[in-house]
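Starting off with a structure, shown below.
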2 protein chains.
Amino acid sequence: MKVFVIGAGGNVGRLTIEQLKVAGQQVTAGVHRAEQADDLQQAGYQAEVFDLLSQPQEMAQQLKGYDAVVFAAGSGGKTGADMTILVDLDGAVKSMQAAENAGIARFIMVSALNAEDRTKWFAIKPYYAAKFYADEWLMHRTNLAYTILEPGALTFDPGTGKVSTSPSDDGSKSISRADVAAAIVASLNDPSSIGKVIPLVSGEQPIVEAIKNAK
Amino acid sequence: MKVFVIGAGGNVGRLTIEQLKVAGQQVTAGVHRAEQADDLQQAGYQAEVFDLLSQPQEMAQQLKGYDAVVFAAGSGGKTGADMTILVDLDGAVKSMQAAENAGIARFIMVSALNAEDRTKWFAIKPYYAAKFYADEWLMHRTNLAYTILEPGALTFDPGTGKVSTSPSDDGSKSISRADVAAAIVASLNDPSSIGKVIPLVSGEQPIVEAIKNAK
């Protein structure tokens, strides 16, 4: 499978391309800045700048020939809320339009836990709103074979290979980035994850099994 | 007709309630702050706080019994881009959900010229993005009888009673707020405007006729 990972310069994106490479997949890293592409190329990856502020038609040129797209980009709030709406929402939607335009069916979206429920948006509400509208577009305005992953608060803990896809009120609200990356890889390998919205927090179920059993 | 104007504390909203009152319509002003409601009540209007950061269920309580909603609110960029996504996009969508929830059919949206075309977004791109996704929701995710008005750059010029609904590349890109308000009133009175997206710039056609003839 040829996979294009948008946002491979970010923490989840970087772990995803590493794990995809280990798993023997053909992967291209789409990154924000030219220096990131250089660094990844030095590390042995195929990497190129993928500009989320450009138009879908241009983006589609770069996506041609791939089997799947992973959207793992995030403005991270660092560049202000302007970028939240232009990157996390409009950049995501343009990526979907570009994928469709390029004839790609499969699309994995890294969203956020509870993005679908406004009453549970906390702290960085604009980020949740961006994720909500991007997810809504993916589900209702595209024909993409999507999987939406909704990780809780991201940690730098080492991966455990295990997660829970049914967070409880008194249970974990966080997950390591490495386990999110593993869930992305598991989703790409499991067509039964198509059309699903899957919460992800730290837990006790092996990741491949958790993705397979997710409702 | 009983009309609820969301954002009546803003410039376009204020002119809209004035013109609706002159036209003999029953109008309620929904405003952001309690002092604005007090001021409008003193001026003889029915006015209440309408909180765009609350949930659709609560908002629906306030909209019950009205025949039409006008969304003329805008964060105005003054409070930062956080408010652009939470007010101009999510506040607008929650207003639509609240209107549907309250059994209201008619919804007039004040959008922005060229909001539907990313290549023409300029200057305040987050605002255009918010308008784009709000308009998309209104057209594709609701059953509301909508009219989307797309004014060009808003001026404080006196109303002329005339507009153009087919801006040309070398023609006017602006319009007075008073003429936008008149176009809102004309749209409310003209069922043929339902389901239309109508650009508005200064021009030479009487407003009622321009709304009637809009494509």
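The values are calculated or read from the model by the stated rules, or taken from the named source; none is laboratory data. No experiment lies behind these values; they were computed from the predicted model shown. All Cβ positions, glycine included, derive from the backbone under ideal geometry; neighbour counts span all protein chains shown. For the accessible areas, the whole protein counts, side chains as well, though only heavy atoms, and no ligand, DNA or RNA atoms are used. Shrake-Rupley method; radii C 1.70, N 1.55, O 1.52, S 1.80 Å.
Taking the condition of being among the β-branched types (Val, Ile, Thr) and open to solvent by less than 20 Å² (accessible area, probe 1.4 Å), how many residues in the stretch A:188-212 meet it?
4
So, one more: Can you tell me which residues in the stretch A:108-126 are away from chain B (no Cβ under 12 Å) and surrounded by fewer than 21 Cβ atoms within 10 Å (Cβ to Cβ)?
Matches in the stretch A:108-126: A:Asn114, A:Glu116, A:Phe122.
Please report, ordered by residue number, the strands (runs of 3 or more DSSP E) entirely within the stretch B:111-215 with at least 1 residues that are basic (Lys, Arg) and modelled with pLDDT of 95 or more. Let's see the steps before the verdict.
Details: elements: B:145-151, B:153-155, B:162-164, B:174-176, B:196-202.
Here the list reads B:162-164, B:196-202.
Restricting attention to the stretch B:56-107, and to residues there that are at pLDDT below 95 and surrounded by fewer than 17 Cβ atoms within 10 Å (Cβ to Cβ), which single residue is nearest to the other protein chains (Cβ to nearest Cβ)?
B:Gly80
Just one of A:Ala134, A:Ala153 is under 15 Å from the mean Cα position of the chain (by Cα), more than 9 Å from every other protein chain (Cβ to nearest Cβ), among the small types (Gly, Ala, Ser) and surrounded by fewer than 22 Cβ atoms within 10 Å (Cβ to Cβ); which is it?
Working: A:Ala134 fails: surrounded by fewer than 22 Cβ atoms within 10 Å (Cβ to Cβ).
Exactly one of A:Ala134, A:Ala153 is under 15 Å from the mean Cα position of the chain (by Cα), more than 9 Å from every other protein chain (Cβ to nearest Cβ), among the small types (Gly, Ala, Ser) and surrounded by fewer than 22 Cβ atoms within 10 Å (Cβ to Cβ), namely A:Ala153.
What is the one condition in (1) crowded, with 17+ Cβ neighbours inside 10 Å; (2) within 14 Å of chain B (Cβ to nearest Cβ); (3) not aromatic (Phe, Trp, Tyr) that A:Met139 does not satisfy?
Failed condition: (1).
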